[in-house]
Amino acid sequence: MIYDPSWIAVVVFSAFVLGTVGLSFYLGRKAKSSEGYFAAHGQIPWFVNGVAFAGDYLSAASFLGICGMIAAYGYDGFLYSIGFLAGWIVALFVIAEPMKRLGRFTFADALDAKFDSRGIKAAAGVSTLVVSVFYLIPQMVGAGSLIQPLLGFPHWVGVVLVGIVVILIVVTAGMVSTTWVQFLKGSLLVIFSAILVVILLDRGFKTDNESFDTIGPIAADAITGQQIAGRDVVPPDNGWQEHAEFVRLSREDGLGFDLYHVEDALESEQILLRQAQSITTTVAGDVLIDGAPRGVGPDQRQLQPVGAVSKLPGGKTETGP
């Protein structure tokens, strides 16, 4: 196990799960009819519904999907997020309002009331399941990835655990419990996101990255030698083929190596070496970080947080008060 569970995280997570499940069972006693289960008797305040909708958007699928789309397609991926936001408005007026007038709660029921066709009902059911499965995949992946560092459980345990909790919430009280849980989630996300923004603005941004080292500027032909900045260059071996854009340097403690990415400096014929990291899986299945076993022990190494501000507007090196 790579992650050490924190008892604070376990307590907070357990309290939140028990609170939401308990709320679902409490509200479930009020959902005695199909109208109560599917529409919460129409008694949920507009503000709660609005925050719950925001909670729907602030989901793992949205974060993973939109970030992936932007990473893969740039600005076009961002436009995709605007597209399904507008889609909610279309669905509200084109589908939700007519269904409300029909007195039906699901799309399949509305089609059945209009056409009375088994084929249409089957098509609606299959399409609903297909869309739900593809939407649930990133949700469950995000859930497992979150449980893993927080509680120290394997990824699959996190997926199963969150899946059971979600099923309990939906089965016990339907829309009323789902809406209130989404309201709580959306409120917490908005509040703590605002707190993080304030903290970031207060601390500011810096162009230097203390977690990683930078060597240079040095002459471009220095990487062809046997030493750089007094450190031995690790030659290629069976697990590492020579790469022109990377160079490996030995460590004083002998624990693996340090990997550096070769970048052009502002001066001509000079380069910068910025520290990076490598992850390797051996034939035996062992995971190595920069040539050392992965873990948190004294003879192990772990991936460090990546990402740093390389340049700020106006030539500044830091921001904040």
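The values are calculated or read from the model by the stated rules, or taken from the named source; none is laboratory data. Just so we're clear, the structure is a prediction, and the values are computed from it rather than from any experiment. In this analysis, Cβ positions are derived from the backbone assuming ideal geometry, glycine residues included, and neighbour counts consider all displayed protein chains.
Structure notes:
- Within segment 79-135, considering residues that are surrounded by 13 or more Cβ atoms within 10 Å (Cβ to Cβ) and of a type in the set (S, T, N, Q), the one nearest to residue 53 (Cα to Cα): 81
- Check on residue 200, surrounded by fewer than 13 Cβ atoms within 10 Å (Cβ to Cβ) and at pLDDT below 85: yes
- Test result for residue 228, of a type outside the set (Lys, Arg) and assigned by TED's automatic domain parsing to the domain that holds residue 271: yes
- Test result for residue 34, among the polar types (S, T, N, Q) and under 21 Å from the mean Cα position of the chain (by Cα): no
- On inspection, residue 152 does not qualify as under 22 Å from residue 6 (Cβ atoms), without any contact (Cβ under 8 Å) to a residue 40 or more places away in the chain and of a type in the set (Gly, Ala, Ser).
- Filtered residues of segment 146-174 (kept if surrounded by fewer than 16 Cβ atoms within 10 Å (Cβ to Cβ), of a type outside the set (Val, Ile, Thr) and not in a loop (DSSP other than H, G, I, E, B)): 146, 149, 155, 156, 163
- Within segment 42-89, being touching a residue at least 24 places away in the same chain (Cβ under 8 Å) and among the charged types (D, E, K, R) holds for one residue alone: 56.
- One residue stands out among those in segment 112-137 that are among the charged types (D, E, K, R) and part of a helix (DSSP H, G or I): the one that is nearest to the chain's Cα centre (by Cα), which is 121.
- Filtering segment 37-52 to residues that are exposed (fewer than 15 other Cβ atoms within 10 Å of the Cβ) and at pLDDT 80 or above leaves 45, 46, 47, 49, 50.
- Per the listing 284, 244, the residue uniquely modelled with pLDDT of 80 or more, farther than 29 Å from residue 205 by Cα, more than 28 Å from the chain's Cα centre (by Cα) and surrounded by fewer than 10 Cβ atoms within 10 Å (Cβ to Cβ) is 284.
- Boolean, residue 275 is assigned to a loop (DSSP other than H, G, I, E, B), polar (S, T, N, Q), modelled with pLDDT under 85 and surrounded by 11 or more Cβ atoms within 10 Å (Cβ to Cβ): no
- Spans of helices (runs of 4 or more DSSP H) in segment 1-111 with at least 1 residues among the aromatic types (Phe, Trp, Tyr): 7-28, 34-39, 46-57, 60-73, 75-91
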